[in-house]
Amino acid sequence: MLSWNRNKIETDGWSFGKVKDFSIFSNFDCADPDLNDFIRNDAELHRNELIVETYEFRSISDAQLVAFVSLANDCLALETNRQKRVICNRVRYYSQYPAVKIARLGVAAYCQNVGIGSELINIIKELFTTNNRTGCRFITVDAYNNSPTIKFYQKNDFEFLRDDDGDEKTRIMYYDLKRFVYNTSPVINEG
């Protein structure tokens, strides 16, 4: 069962909500120095500048902090014919589509590779397809160009936007929210 309010979602033993106090990340370690530096030193500054909003992900049973995600507004610009074929749009063709960007996502090192990141991705999909306040067609990410990160996003149905960024530090990937179909109808309590 999904319980939902404006800034917090609880589902299947997990709690997802906006970070209010960034000191909770002082000992957080996701085994990636860049992500650790961001969540400990930069995320609050980025929030204060209205660049990202950061969410914490916790186990309800023991309130253990297991992950975070920072989200930002984005736009998916379709420039090539291949990219334009990405969209099945019955309204009309647009050269740009509204998106939300996963700016940073980190799972605590001690609980990686057990599905927490995928659970978090599914909550983000739910968040932007249920009671969303604005249009949002895509989730985007500039994924670190390493095998584990790319495989993680591919496992969660993200695709590459470009073919020519394979040698870059990051690769632009996207997920079309129109593909997100509920296997069961969610029960939503807005509070």
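Figures for the structure shown
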| quantity | calculated |
| --- | --- |
| In the range 26-51, the residues that are among the aliphatic types (A, V, I, L, M) and surrounded by 14 or more Cβ atoms within 10 Å (Cβ to Cβ) | L35, I39, A43, I51 |
| Condition check for K151: at pLDDT 95 or above and loosely packed, with under 12 Cβ neighbours inside 10 Å | yes |
| Filtered residues of the range 116-159 (kept if out of contact with any Phe, Trp or Tyr (no Cβ under 8 Å at 6 or more places or on another chain), of a type outside the set (F, W, Y), in a loop (DSSP other than H, G, I, E, B) and under 25 Å from G13 (Cβ atoms)) | N132 |
| Listing of strands (runs of 3 or more DSSP E) fully contained in the range 1-105 that carry 3 or more residues being modelled with pLDDT of 95 or more and closer than 23 Å to K169 by Cβ | 65-77 |
| Among (1) of a type in the set (S, T, N, Q); (2) surrounded by 12 or more Cβ atoms within 10 Å (Cβ to Cβ); (3) modelled with pLDDT of 90 or more, the one test that T130 misses | (3) |
| Considering residues of the range 94-121 that are under 23 Å from L161 (Cβ atoms) and of a type in the set (G, A, S) only, the residue nearest to the chain's Cα centre (by Cα) | A103 |
| Long-range neighbours under 6 Å by Cβ, at least six apart or interchain, first residue surrounded by fewer than 12 Cβ atoms within 10 Å (Cβ to Cβ) within the range 13-25, second in a loop (DSSP other than H, G, I, E, B) | G13/I60 |
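The values are calculated or read from the model by the stated rules, or taken from the named source; none is laboratory data. Please read these numbers as outputs of a predicted model, since none were measured by experiment. Methodologically, a virtual Cβ is constructed for each residue, glycine included, from the backbone with ideal geometry; neighbour enumeration extends over all protein chains shown.
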